[in-house]
Amino acid sequence: MTSDGVAVGELDSDAVDRARAAAAEADRVVVKAGTNSLTDEESRLDRVKLDKLVADVMDLRRRGKEVVLVSSGAVGAGIGRLGNGEGIVDVDIDRGSDIIDERQALSTVGQSLLMRHYTQSFDRYEQPVAQILVTGADLDAPERFDNFTKTVETLLEWGVVPVINENDAVATDELRIGDNDMLSASAAIALDVDLLVTLTDVDAVYTGNPKRDPEATAIEAVGTNYDAVRELIGDSTATDFGGIRTKVEGARDVAENGTPAVIAGSATPDVLDRIAAGKPTGTLFVPTAGETNE
Ligand code: GLU
C-alpha cells in the first residue's frame, strides 16, 4: 500500500476539523512523554529537554487546563546514573538493560532523579507537582482504581500537576501494563479526560519508519483509515518495544472511547500550545464513538 492509501482525504474533513477543535478546547489533558524525550544519548536526564516539556505543560496550565503528566524515563535515568558512566552497574548505555530485575532496581534510582528534576523545573512557575506510581493490577482492582481516580481528582482540584509512571519496582512481567503508552491511554479513559497527547521523538505517525525510510510521509489524521495505518506501521516497528505501534494503539483506544488524541514531537516548538490553538500538529486521532467526550 502506498501513502495515498492513508491520505487524510479519505477521512471526513469535517470530522477532522471537529476533532481538532475539540482537542484545542479540552479542559483536562493527559500528556505522555517518553524516555527519548527526556534523556540524552548517554541516557542521562536531559535538563534542557525536561525544561522544554515543563514549559509546554505550563502553556496548557496558563490556558486554564488541568494536566496529568505520564512520564517515562525512570529506567533510562537509572541507567544514565548507574550505568557504565559511573561503573556501579555494568549496563551498556546504548543498549540499556534487558534484565528485568536490573531494570526494576534501576527504575527506583531514576524515578527519584526524575521527580527531583520535575519538582525543580515546575518550581520555576510555582507549579506544585505530585508523584503517582501505579501498576496494571492497581487499575484493574476496583477499590484501588477508585482510590487512584479520587487522588488524581483531588490533586487536579488543588491545581497540582500529577506525574504518573508505572511502579516498575513491583510490576511483574504478567502485571506490567506493558509500557506507558498503554498506561497513559488507561489513565486518559479512567480520568475522563478530553484529550491525550503522546509526545515522542518523531513529529508524527509516518507511513513507514522515518528514521529508515526516506519515502515515509506523515499521516495527518487517523480515523476510518485506522486499519490501513495499522498495517503500514505494523511491519516497520512490530518489534520496537514502546515504539510507534503502542503509541498508535493507545491513541486509538482513547479515540474509540470518544476522545481525541494526538501523537506529536516533543521537540516541536510550543507543541502543546499549538494543539491548544487548534493548529495542525502531529497526527490527530479522530474520535470514533460519538462526537467528542464532552
Ligand atoms: N516505566 C518505564 C520508565 O519509567 C517506562 C515504560 C515506557 O517507556 O513505556 O522507565
Take the residues in segment 1-44 that are open to solvent by 30 Å² or more (accessible area, probe 1.4 Å) and at pLDDT 95 or above, then tell me which one is nearest to the chain's Cα centre (by Cα).
R28
For segment 123-214, please list each of the strands (runs of 3 or more DSSP E) lying entirely inside it that holds at least 1 residues being open to solvent by 20 Å² or more (accessible area, probe 1.4 Å) and within 12 Å of the ligand (Cβ to nearest atom).
129-134
I need every pair where a residue in segment 139-158 that is over 14 Å from V68 (Cα atoms) has its Cβ under 8 Å from the Cβ of a residue that is hydroxyl-bearing (S, T, Y), sequence separation at least 6 or different chains.
L139/S186
Out of all the residues in segment 109-119, is one or more away from the ligand (no atom under 16 Å from the Cβ) and more than 26 Å from A21 (Cα to Cα)?
yes
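The values are calculated or read from the model by the stated rules, or taken from the named source; none is laboratory data. The shown structure was predicted, so the numbers you read here are calculated from the model rather than taken from an experiment. Don't worry about glycine lacking a Cβ; one is built from the backbone with ideal geometry, like all the others, and counts go over all protein chains shown. Accessible surface is based on the protein model in full, side chains and every heavy atom, while ligands, DNA and RNA are left aside. Shrake-Rupley method; radii C 1.70, N 1.55, O 1.52, S 1.80 Å.
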